[in-house]
Each structure stands twice: as C-alpha cells, then as structure tokens.
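Asker: Quick one: this structure, given as structure tokens, is what I'll be asking you about.
Since every read-out is calculated from the coordinates, none of them should be taken as a lab result. Please read all numbers here as calculations on a predicted model, not as lab measurements. Positions of Cβ are backbone-derived with ideal geometry, glycine not excepted, and every protein chain shown enters the neighbour counts.
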Number of protein chains: 4
Amino acid sequence: MSGSLPRRLAAELLGTALLVAAVVGSGIMAVRLSPDDVGLQLLQNAWATALALGVLITLLGPVSGAHLNPAVSLGVWWAARGTPGGLTLGGAGAYVGAQLAGGLGGAALANVMFEVPTKLSTTARGGTGQLVGEVVATAGLVALVLALVRTSRTHLAAPAVAAWIGAAVWFTSSTSFANPAVTVGRTVSDTFAGIAPGDAPAFVLAQLLGAAVGLGVVGVLQPRPARPTRDPEPVAIDL
Amino acid sequence: MSGSLPRRLAAELLGTALLVAAVVGSGIMAVRLSPDDVGLQLLQNAWATALALGVLITLLGPVSGAHLNPAVSLGVWWAARGTPGGLTLGGAGAYVGAQLAGGLGGAALANVMFEVPTKLSTTARGGTGQLVGEVVATAGLVALVLALVRTSRTHLAAPAVAAWIGAAVWFTSSTSFANPAVTVGRTVSDTFAGIAPGDAPAFVLAQLLGAAVGLGVVGVLQPRPARPTRDPEPVAIDL
Amino acid sequence: MSGSLPRRLAAELLGTALLVAAVVGSGIMAVRLSPDDVGLQLLQNAWATALALGVLITLLGPVSGAHLNPAVSLGVWWAARGTPGGLTLGGAGAYVGAQLAGGLGGAALANVMFEVPTKLSTTARGGTGQLVGEVVATAGLVALVLALVRTSRTHLAAPAVAAWIGAAVWFTSSTSFANPAVTVGRTVSDTFAGIAPGDAPAFVLAQLLGAAVGLGVVGVLQPRPARPTRDPEPVAIDL
Amino acid sequence: MSGSLPRRLAAELLGTALLVAAVVGSGIMAVRLSPDDVGLQLLQNAWATALALGVLITLLGPVSGAHLNPAVSLGVWWAARGTPGGLTLGGAGAYVGAQLAGGLGGAALANVMFEVPTKLSTTARGGTGQLVGEVVATAGLVALVLALVRTSRTHLAAPAVAAWIGAAVWFTSSTSFANPAVTVGRTVSDTFAGIAPGDAPAFVLAQLLGAAVGLGVVGVLQPRPARPTRDPEPVAIDL
C-alpha cells in the first residue's frame, strides 16, 4: 500500500460508497426494467455487484488494501495483531468509520441517480435460515481474503472476491450481504436492495460471527504463511 | 501444497461441502425467484456453480490441490502412480471419503439455509443421452486438470475448471454433475438440483467411465510433461 | 505503444467503431429476440458491450493505448501534460477526431448488419438523475484508467475497464454511456441504444465533468506514480 | 507447441468437436428449458459457447495451437508463409480436414446426448446483413489471433477469443458463426443452432472474406512483430 492514513480512509469511504451505489442502483434498475421476474432482477443485481466489486478492489487495493467491509478490516486486524506494521485496532476502527460513512453515502448517491427519496427501508429480512446464510457468506469471504494474504496471492483478490460474492448472492438464502457497512447503507434506500433498520442488527451480528468462523477456518487451512513473502504484488491487501 | 494429510482432508471436506451448498442452494433460490422459466433457473444455477467452483479452487489449491471430486482424485492417483511423492491409492481413498462426507454435509447446509428438510430426492434422472453427457463432462474435466498439471499451468485451474463446468451444465444433457461426491450430496435435497438415490449409481458409473476416457485423452495429447517442471505455481494441484 | 501516429489513429477509429457496433448491434438483437422484457435486453446489451470492450482494449492497447473515448484521451493528456513523451493536446485532438469518426461509422455498420436505416435517433434521454449517472460512470472510468497507469498495471485495463462498464450499465440511471464518441455514434441509430441528438450535448457535458472529477479522484488516491515505472507491460496505455 | 503432426490433428479434431457439441448442445437445452424467449436462449447459448471455447484454447493451445477453425488456420498459414518453421499450406490443409471432421462429429455427439436424430438442418439463414455480420465476426477473430501472436501475448488467446465470440454472437446479425468447420457441423443438427446446407456456402465464403479482411487489419495495426519474440508462453499459437 502506498497511502497515508487520510488517503487510505478516503479510499475506503469512496470504495464502500461505490459498492453500495452499485448494489442499490442496480437493484432499482432491475426492478424497473424486469418487473415480472424477481430471479432475473437478482441475476442483474449479482452481475453488477460482482463486476463493481472486482473493479473497486483492483482500483483501491494499492491504496488502502480495499477492505470496503468492517468484517474484513476486523479480520485483518485480528490476524495481524502483534505483527510489526500490521493494522492496529485504532486503524481498523478508523477504517470501519470510513466504511460506514461510505455505505450511507453510496445509498444516497444511488437514490439521487434514480431520483428516489433517501428514506428508511421497509423490507423485512431475517429468520434463522437467512442468518445462517450471512454466517456462511461472511466466513467464506474473510477466510478467502486472509488465505490470499497468507499465500502471497493478493493479486487474485479482485476476481476471487468478486466471484465469491457473485456466487453467494445466489446460494445463501440472505442473498449475501456479508458486510456490515453495506448492510447499514442498505437501510436508507426503500428499494429492491433495502433492509429495514430493525432487521440490520441481527444481520451484522451474524456477519461478525461469520468473520470469526472465517478466522478459524483460515487458522486451520493456512496456520502461517505458506512461504516467505515474495515481491509484494501491486494489489496488496493490508495485513 | 503446504498441507499435512489431516489439513488436506479438512480442505477437501470443506471445499466439497461449499461446492454442493452452492449447487443446491442456488437451485433452491432460482426456483423460488424465477418459477416460470426453467432455463433461467439453470442459468442462475450455472452462474453460481461456476463462480463458487473457481473460488474454491483458488482458496484450497495450495492446501490440498482442491480436487473436490473423487473422479479427479482417482485420475490424479492413476496418472501419478509410481511417481515418488505422488498421491497414493490410500491417499486418494482418504480424499474420496472426505469429499463424500463434504458432499452430504454441503447439501444439508443448503437445506438449513433455505429451511427445507434434508430428505431423499425424488427427481428422476437418467437415460442413455444423459449418461453419455456425464461421460463427456467428466472426461473433459479430468483431461483438463491433468493437462494443466502436465504443462505446469495449474495456476489456470480455477478459471479453466470453472469455465468447463459452467459450459457443460448447458451443453451436456445431464446438466453436468461430473462428480461422484456432488452426485451423492445431491441425493439428500429434494429440490431443483436433487437426484433420486436410485438414479445416482448409473451417474457415478458414467462419471468413472468418463474419468478413464479423460485419462486416455490426456495420454494422447500430453503423453508426458511438455517441459521440466518450472517453479511451482501457488495453486498447485497434487499429482 | 508501437504505433506511428497514423496507425494509432487507425486503431482508435477502428476500435471505437467496433465498440459502437457492439453497443448498437447487440441492442437491436436484444429487442428483436426478447421483446417482452427490457431488463433482459439490457443484460444482453451489457454482456456484449463488456466483452467487446475488453477484447478491443487487449487488441489495440499495444498500438494506440486503446482509449476509444475522448474523455479518456483528454484525461490522459491532462495527467501527462509537461511530461516528455506524453500525449500532446494536438495528439489528443487527433485521437478525439478519430474516435468521433469511428463512433459514427460503427453505428452505421450495425445498421447495415441488421438492415435498419441509418437515421437520427428519437430516444429521449436526460434528467438530473441520468446526468449524475453519467458523471459517476465517467469519473470512475477515468480514475480507473489513470490509476492503472500510475501503478504500472495497464495489463489489467482490459478486464477492469470491461467490468466497470458492465457494472455501470446497471447501476447508473443513464445506463452508462460514459463516452462522448459513443454518445455521438448512438445518435444515428433509431434503435434500442439510440439517443436523440438534442439530448446528446448534456450527456457529453456530464461526461466531461465526470472526467474532471475522475482526475481529481486519482489526484487524491495516486498523486504520483507509486513506484518507478517497471518494464512496460504489453498492453500499455499512453500517458 | 509440443505435438507431433498426428497429435496436433487429434487435438484439432477433438477441440472442434467439443466446440460444436457445446454450440449445438447448449442450443438444444436452451430451447427445451426456455421455450418462450428466444433472446434468453441465445444468452444461454452464448454463455456456454464462450466458456467452452476459452477452455478448449487453454487445453489444446500447447498441443496444436488450438485453431479449431479453418479461417484461423488459413490466416496463420498466410501470415507465416516463407517463415522457417511456420505452418505450411499442406499443414493448414490437414488442420482444416481435422476441423471439418471434428465439426461433424461434434454435432453428432450433441445429437446423441440430447437424443435427437442427426439429420440435415432446415433452418434458413442468410441475407446481406447476416453475411456482413459473418465478415465482421471473422475479420475480428483472425485479426485478434494474429495480433496476439505478433505481440507475444498468446497466453491471452483463451479469454480474448472467448470474449470476442461471446460478444459477436450478440452484435452481429448472423449470431457469429465465424468458423467454416463449425458452420459445416451445424448443418447436421436440425435444432436451434442448425443451418440449412444450402445456406452454408455463402456463410463460408463470407467467413473467408472476413479472414482476408482480418489479415489486412493486422497488416496495418501490427505490420511486423512489435518486439523480438520473448520466451514463448505455454499457450503458444502456431505462426
């Protein structure tokens, strides 16, 4: 990473905003253009989300690591705790703040583009099955990111993370929020991708539990770096 | 590969479970959201399956080789028999056991996420055309994996295997199970991706026949390594 | 880049023509084959546009940098002004001329392939929301291209730019024209992808504003090259 | 390439067969599963074709160059005529024979998998617009392949060629056959992807004209190798 802390926070804010704008905006477009088939709407939404996420990681990875997700920042902090130069808890907290601000701003940007009001969502989401889905989606995401770091393959983060989310939207019953900042952002658009604020805390808790599961998985699969770190790739992710 | 045997078996179990969860889960989601068009359901299912498979090979390749498929493990064992350090028959058997357990567990996980019971499938599948389809799909898969190993290009396994399965879902009449562990897993979800247990043995036999055909193909096309093995790629597949 | 100026201009003209032919042609095909679902039409259009754009950047990057877009050429000129060997304002102007000619020619080619007349579009597009969408889409595009140049990763331009446009078609309310030459080309086909000539100037102004925003973003995120330029990649983009 | 001539011909035959099986098979599946929307059928067909083509080039590139297309073999022969070690006219002829046999065999394989008779297609295709489409699709394909060879980037052939065909299916009015062997193969399946034998010669002539145009384009854009050939990539294409 080449960024100073303010620049890194700007990158996290901008990236999370564009990610949420992509999720919310493509959801609005999908409902408007394919009103008769919810599955087609979700396919369009998954297409846009996966592609946007891959681009944002490519663009912002060299600046901030492109976490764009509090669950990832906390996982990175935990995995690196005690390592000189690793992300500190304070740094992770600053990342989370930037991500939350970005998430809210991105939803507002999508609302402006599609000329709908920024207001609280009324879409109910929840139930045991969906919360298990959030655990699975977030665990896989955190394990994937940390495993790529530990095997010196962060240049694969953009396509791999995009593919994981693109798949998990379909195979988890919750359509894979998997990101507390995105969850919070999605509370302020009463559209396809929205989530009622009262349902968000359970989603966030499930995501944090998933992050812990992901740390456990990577601890089993990649207990320490598989090899000495090679020449760092340009798309470095902060560990 | 960096993993000890228990870690490798954990990787095979986890990876096969998530693969089957992706296949079964996305099938359930597809039927619920696009009830009027089976082709759209299969497109959604193929999208999720291909992306998940690519991610899992990326994630688990450095640990266990990411076979996630008894047909692949047996093919790898056969191609490497007599090679020092190659997968032994006992090792292949352990891999197969982990894959079968993972397949069943993954279907159960999808059932939990979507709150449907874990019970035997009633979906009939079979006929000469579909069994020929399984031979073709599995032969191509095994030939592809072994050819990448023999040309020192296992770093391409994730996108290439994902693309093969994503295509074969559409162009083989059986929708390309191509994997005995996935076939067994799919017997315990009575949903879109299910297969009645009585129809599974013929599918598995066709897949094993396909693996043999794939070994024959790679024997013709790449009778021995095309060049001395270069610096091993991070996404190594066990030979 | 290996091209002399005439060869570079030929590449820009040809590339922009094929890009517009892909946008317009796939739009016509989509409306003919999926008349009942506009969202499905846009998904087909986004698929073809993203794939074609990625190919054209791969093909033409080594010749001209594959800008294919006046907003990109102006951004590249501005970012490199004062740099020995950088694109001059006159060079950028010549690029823009070739791109505009290509855009018009590409629309005409699509019209010929689908046997529809080349005539002015009557499709009204506009409104504050859509113009904000154009600013967002173009800002992201220009920031992405320049950030890849400044981090010596222009070999990622083809997949990254293709993914950005593929996503932005869905998450910006304007379906992401993001390119003045494409906008002009789309005025001469009265089909799915058309835009009425009277609506084009506002789109172009929004795109130029977006390019300026993109320059500002990259100035914050990547204020100067992150590292000394390495061995130039084959898919070099002119800076 | 590592293959002897018989092995190379086997690769061309097998690869063209699987390509045609993918085109024809996915077309049959699409019509069966999505009978109400021809555009959705074409999207499913394009998905399977592009992914299969990318895999086959990855698999067979090191053996035979993975031309899988008489237009490509003739283009490669012409571009390399007089070069020591280049493909001879006799070699190109042998390639074409293997491709034609593969094309017919692949259609028959798809027919077997889907249990439909192998018989002549009755699907009429033609008209000036579609023939222009074939010229455009084949010109782009041949120019792309030769430009990648001349810039020492044949390792990009798999994704780039797959993306070109995936896009051209949508933006050319003929749905981009772009391959004489595939055209011949598609005459013997009276299904979605078929073409009446009487309409095939005009398609093939347009494809050969397109190959000539592609040679002209690459002659302008890449008149000679841009740099001394580097260490050959594993996915070498025969020049």
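Asker: So if I take the alpha carbon set of the stretch D:32-164, get Rg, then get Rh from the Kirkwood formula, what is the Rg over Rh ratio?
Answerer: My calculation of the ratio gives 1.00.
Asker: Between C:LEU205 and A:THR123, how high is the FRET efficiency from 1/(1 + (r/R0)^6) when r is the Cβ-Cβ distance and R₀ = 30 Å? Nearest 0.05.
Answerer: 0.25
Asker: A follow-up question, please. Treat the count of other C-beta atoms within 10 Å as a stand-in for reagent exposure and order A:VAL213, D:VAL96, A:VAL218 from fewest to most.
Answerer: So the residues, fewest neighbours to most, are A:VAL213, D:VAL96, A:VAL218.
Asker: Which of the trypsin sites (Lys or Arg not before Pro) across the stretch D:129-231 are loop residues per DSSP, with 10 or fewer other Cβ within 10 Å?
Answerer: Sparse-neighbourhood loop trypsin sites (Lys or Arg not before Pro): D:ARG230.
Asker: Going 7 Å from Cα along the Cα-Cβ axis for the label, what nanometre distances separate C:LEU5 from the same residue across the other copies?
Answerer: Nearest first, the other copies' label points are 5.0, 5.0, 7.1 nm away.
Asker: For label points placed 7 Å from Cα toward Cβ, what is the shortest-first list of nm distances from A:THR83 to its copies?
Answerer: Those label-point separations list as 3.2, 3.2, 4.6 nm.
Asker: Can you list, bin by bin at 10 Å, the percent of alpha carbon pairs in chain A, starting at 0?
Answerer: 9, 35, 38, 15, 4, 0
Asker: Inter-copy label distances at C:PRO35, 7 Å along the Cα→beta-carbon direction, one decimal in nm, shortest first?
Answerer: 2.0, 2.0, 2.8
Asker: For C:ARG125, what residues show an amide H to amide H distance below 5 Å, using hydrogens built from the backbone and excluding near sequence neighbours?
Answerer: Result for C:ARG125 returns C:ALA196.
Asker: Next up: Provide B:LEU68, A:LEU209 in ascending order of the number of other Cβ atoms located within 10 Å of each residue's Cβ, fewest first.
Answerer: If I rank by nearby Cβ atoms, fewest first, I get A:LEU209, B:LEU68.
Asker: Of all the residues in chain B, which one has the C-beta that comes nearest the axis relating B to C, and what is the distance in Å?
Answerer: Per the Cβ-to-axis criterion, the result reads B:LEU40, 5.
Asker: Using a simple charge model, +1 on the beta-carbon of Lys and Arg, -1 on the beta-carbon of Asp and Glu, nothing else, what dipole does chain C show about its Cα centre, in debye to the nearest 20?
Answerer: 620 debye
Asker: Okay, moving on. Please report, ordered by residue number, every helix of chain B (full DSSP H runs) that is 30 Å or longer along its axis going by C-alpha atoms and whose mean Kyte-Doolittle hydropathy reaches -1.0.
Answerer: B:5-33, B:38-64, B:89-113, B:128-150, B:200-221
Asker: Expressed as a rounded percentage, what relative contact order does the stretch A:5-221 have, with Cα pairs under 8 Å and six or more residues apart?
Answerer: 30 percent
Asker: So if I take the alpha carbon set of the protein assembly as shown, get Rg, then get Rh from the Kirkwood formula, what is the Rg over Rh ratio?
Answerer: Expressed as Rg/Rh, it is 0.94.
Asker: Quick check on chain A: helices-only [θ] at 222 nm, where DSSP H runs of length 4 and up contribute -39,500 (n - 2.57) each and the sum goes over total residues. Nearest 500, please.
Answerer: Taking each H run of at least 4 residues, the total per residue is -22500 deg cm²/dmol.
Asker: Per-residue mean of other chain beta-carbon atoms within 10 angstrom of the beta-carbon, peptide A:17-29?
Answerer: 4
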